[in-house]
Amino acid sequence: MRKLLFAANWKMNLTPAEGRALITSLRANLDPDAATLSRDREVMIAPPFLGIPAAAQALAGSSIALGAQNAHFEAKGAFTGEISPAMLQFFGVSHVILGHSERRHIFGETDELISKRVAGAIGNRLTPILCVGETLEQRDGGRTLETVIAQLQRGLTAIQISEAHRVVIAYEPVWAIGTGRTATPEHAQAVHGAIRGLLDETYGREIASTIRILYGGSVTPDNVDSLVAKPDIDGALVGGASLNADSFARIVSARAG
Ligand code: PEP
């Protein structure tokens, strides 16, 4: 049985003080310390790098995991502007979002670089959340599955079968991110099903059935239930709606059926 995962991507939003306040209010809403966060789900918050220490303090004693929005694969060295897995782990970071469409399309990250980051995360015992997704042009050209499968195959090239269960995939259609245009649950399920099929061919059914596949792209309290009701949608990666404690608390409490 896969646990649902609800992951907040704050992107380049919130000062450390604002992030701390949001976590305090989210915790008050969720009361995870009282174990009301049901056992079938996990929650993760990924602040900007500089917000991580304050977020770590605000999350102390909570079952909510701390994530980062990127990580380099080397431990240290001449990589200006990058952050290493060990630096993140110092503050208790356990998850890292990799290959987000903004990294791919605004900052030019390639599948090759992303696959090194995924391998680096696994090698350093961080859980990578590998993001894949087609642009509007690719969707309109009927190339959704081709695009997503190619990104996935390239992104996972360096991952051994024995490590595959530690990867989380996020299907995020680029046309749905921050646009208010969510994929229909049927479209998302079709792509998630194809992703599960590829994982099955690559790693075998047993491992494929343990890998979580999140949906991301304008997830809100109003559409999350119908998304996670689908058999291969194992939670959500949430941008805009994670910046408000009430909305994110409602999303985290999604009812799968
Ligand atoms: C994201 O940033 O990964 C995302 C899905 O954003 P939004 O929820 O705002 O579409």
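Per the conditions (1) part of a loop (DSSP other than H, G, I, E, B); (2) at pLDDT 95 or above, the sole criterion not satisfied by residue 191 is (1).
If only residues of segment 70-118 that are among the polar types (S, T, N, Q) and farther than 15 Å from residue 132 by Cβ are counted, the one that is surrounded by the most Cβ atoms within 10 Å (Cβ to Cβ) is 70. Elements of the type helices (runs of 4 or more DSSP H) sitting completely within segment 24-135 and holding at least 1 residues that are hydrophobic (A, V, I, L, M, F, W, C): these cover 52-58, 85-90, 111-123. For segment 205-230, a residue qualifies if it is farther than 20 Å from residue 133 by Cβ and in a loop (DSSP other than H, G, I, E, B), and the qualifying residues are 209, 210, 221, 222, 229.
Given the structure, is residue 197 away from the ligand (no atom under 16 Å from the Cβ) and either hydroxyl-bearing (Ser, Thr, Tyr) or open to solvent by less than 40 Å² (accessible area, probe 1.4 Å) (or both)? Judged against the criteria, residue 197 is a match.
Restricting attention to segment 233-243, the residues that are touching a residue at least 40 places away in the same chain (Cβ under 8 Å), in contact with a Ser or Thr (Cβ under 9 Å, 6 or more places away or on another chain) and either at positive phi or open to solvent by 10 Å² or more (accessible area, probe 1.4 Å) (or both) total 2.
Got a sec? Which of 46, 55 is under 27 Å from residue 207 (Cβ atoms) and open to solvent by less than 20 Å² (accessible area, probe 1.4 Å)? So that I can check it myself, show each step before the final result.
Working: 55 fails: under 27 Å from residue 207 (Cβ atoms).
None of the others qualify; the one that does is 46.
Across segment 159-180, the qualifying residues are those that are open to solvent by 50 Å² or more (accessible area, probe 1.4 Å) and either hydroxyl-bearing (Ser, Thr, Tyr) or outside any helix (DSSP H, G or I) (or both), and the one among them that is nearest to the ligand (Cβ to nearest atom) is 178.
The values are calculated or read from the model by the stated rules, or taken from the named source; none is laboratory data. These numbers were taken from a predicted model, which means no experiment stands behind them. In this analysis, Cβ positions are derived from the backbone assuming ideal geometry, glycine residues included, and neighbour counts consider all displayed protein chains. To get the accessible areas, we keep the full protein, side chains included, count just its heavy atoms, and leave off ligands, DNA and RNA. Shrake-Rupley method; radii C 1.70, N 1.55, O 1.52, S 1.80 Å.
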